[in-house]
Amino acid sequence: MKLHLTQQAGQNLFTAYGDGYVAVNQVRYEKSLIVLPQTLIADWAPRTVAALQTGHFEQILDLHPELVLLGTGTSFLFPNPRLSQPLVQAGIGFEVMDSHAAARTYNILMGEGRQVAAALLL
């Protein structure tokens, strides 16, 4: 599915998604990634919810988001709550949804000027 939103100069925006991929600023990604308005980390290590470790959430924390959207692939799966403790302890919002919903939600929040991070498992 292509997304049609107005992109603010220099900011990352999800422009499409489909089975096994997302596109950010018209560039297709088929591996897990982390996207913030000014930062993109391609090839984020975990591929599944089962592969998530506390260190993955600490990596996101180092990016200083105000809210994290975890996209868990095509299925909606909650990670073990202890894994996201670094975010919770820092007072950072944390939401879990499927990856396509996370991409759409990211675009809305980024458009509102929020420092949102989308961590998508692909």
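The values are calculated or read from the model by the stated rules, or taken from the named source; none is laboratory data. Remember, it's a predicted structure, so these values are computed and weren't measured experimentally. Here Cβ is always computed from backbone atoms with ideal geometry, including for glycine, and neighbour counts include all displayed protein chains. We work out accessible area using only protein heavy atoms, side chains counted, and drop any ligands, DNA or RNA first. Shrake-Rupley method; radii C 1.70, N 1.55, O 1.52, S 1.80 Å.
Structure summary
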{"read-out": "Within the range 1-44, considering residues that are within 19 Å of Gly113 (Cβ to Cβ), at pLDDT below 95 and not polar (S, T, N, Q), the one nearest to the chain's Cα centre (by Cα)", "value": "Leu3"}
{"read-out": "Neighbours by Cβ (under 8 Å, 6+ apart or cross-chain): first from the range 21-33, in contact (Cβ under 8 Å) with a residue 12 or more places away in the chain and in a loop (DSSP other than H, G, I, E, B); second open to solvent by 70 Å² or more (accessible area, probe 1.4 Å) and of a type outside the set (A, V, I, L, M, F, W, C)", "value": "Asn25/Gln7; Lys31/Asp43; Lys31/Arg47; Ser32/Asp43; Ser32/Arg47"}
{"read-out": "Selection within the range 54-78 - open to solvent by 30 Å² or more (accessible area, probe 1.4 Å), in a helix (DSSP H, G or I) and in contact with a Leu (Cβ under 7 Å, 6 or more places away or on another chain)", "value": "Thr54, Leu61"}
{"read-out": "Test: residue in the range 5-16 that is surrounded by 13 or more Cβ atoms within 10 Å (Cβ to Cβ), in contact (Cβ under 8 Å) with a residue 24 or more places away in the chain, of a type outside the set (Val, Ile, Thr) and assigned to a strand (DSSP E or B)", "value": "yes"}
